[in-house]
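A short worksheet on the structure shown next.
Nothing in this text is a laboratory measurement; each read-out follows from the coordinates by a stated rule. Bear in mind that the values here come from a model prediction, so they are computed numbers and not experimental data. Positions of Cβ are backbone-derived with ideal geometry, glycine not excepted, and every protein chain shown enters the neighbour counts.
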Amino acid sequence: MAITKNTRVTGTRLGLTFDGVDYYSDIGKFELTPSTSDKDIVTFADAAAGSAAAWTLKLTAIISFDPAAFWGWVWEHAGETVGFILAPLGNREASEKAPHFTGKVKIGTKPGLSSEAGDTKGATFEAEWDVEGEPEKVTTGSTMGTGSMEDAPKPSSTGVGK
């Protein structure tokens with residue numbers, strides 16, 4: 001009997017789009033997670049509305065003041081609700097084996113600033129945003145915009161992208 005080796009999600013590729021712009025290059029960590037309701041009582045209206053789980057999108061990203069940086073985009077859009085597309089495998093085309101997850105998040109407060117003497121890795125910030133309803137798992141079609149990992153330069157033996 002053959003053993004099936006399933007594809008793992010690894011920390012080498014990502015697509016994460018907000019309002020049609022992919023910010024994968026600024027993201028160091030992501031979590032799209034449900035949590036159970038902390039209400040003392042679930043009403044019939046709550047139950048009729050569907051899942052009792054509240055979803056959040058947690059991110060760790062670099063602090064950069066470059067004009068196209070994620071940090072600045074978050075600063076400018078704090079408090080807004082925006083669409084997102086998460087491609088954990090960095091693929092532009094969603095499939096059964098490489099799905100995308102879509103939804104809307106409410107961007108929280110403006111991102112903070114921090115740095116540490118002698119830090120050569122660079123400063124980061126964390127964000128935790130509420131997802132409206134449940135994210136949708138998409139298994140067909142092209143949902144990613146330009147800038148996904150598939151557009152990134154491919155390493156070559158000379159160290160220069162192709």
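Residue-wise HN-Hα couplings along the stretch 110-121, as the Karplus relation 6.51 cos²θ - 1.76 cosθ + 1.60 with θ = phi - 60° gives them from phi, are 4, x, x, 10, 7, 7, 9, 4, x, 6, 9, 7 Hz; Gly and Pro carry x. Amide H contacts of Thr143: Ala94, each under 5 Å away and 5 or more positions distant or on a separate chain (H built 1.01 Å from N in the peptide plane; Pro and chain starts excluded).
With the simple model of a label 7 Å out from the Cα in the direction of the Cβ, Thr139 to Asp19 spans 3.3 nm.
Here the Karplus curve 6.51 cos²θ - 1.76 cosθ + 1.60, taken at θ = phi - 60°, turns the phi angles of the stretch 68-75 into couplings of 9, 6, 4, 3, x, 5, 4, 4 Hz, with x standing for Gly and Pro. Calculated FRET efficiency, Thr81 to Thr120, Cβ-Cβ distance, R0 = 30 Å: about 0.25 to the nearest 0.05. What is the list of residues in the stretch 129-145 whose amide nitrogen lies under 14 Å from a point 7 angstrom out from the Cα of Thr56, following Cα to Cβ? Residues 129-132 qualify, since their backbone N sits under 14 Å from the label point. The phi-based Karplus calculation (6.51 cos²θ - 1.76 cosθ + 1.60; θ = phi - 60°) puts the 3J(HN,Hα) values of the stretch 122-139 at x, 6, 10, 9, 10, 9, 9, 10, 7, 8, 6, x, 9, x, 9, 8, 10, 10 Hz, whole numbers, x for Gly and Pro.
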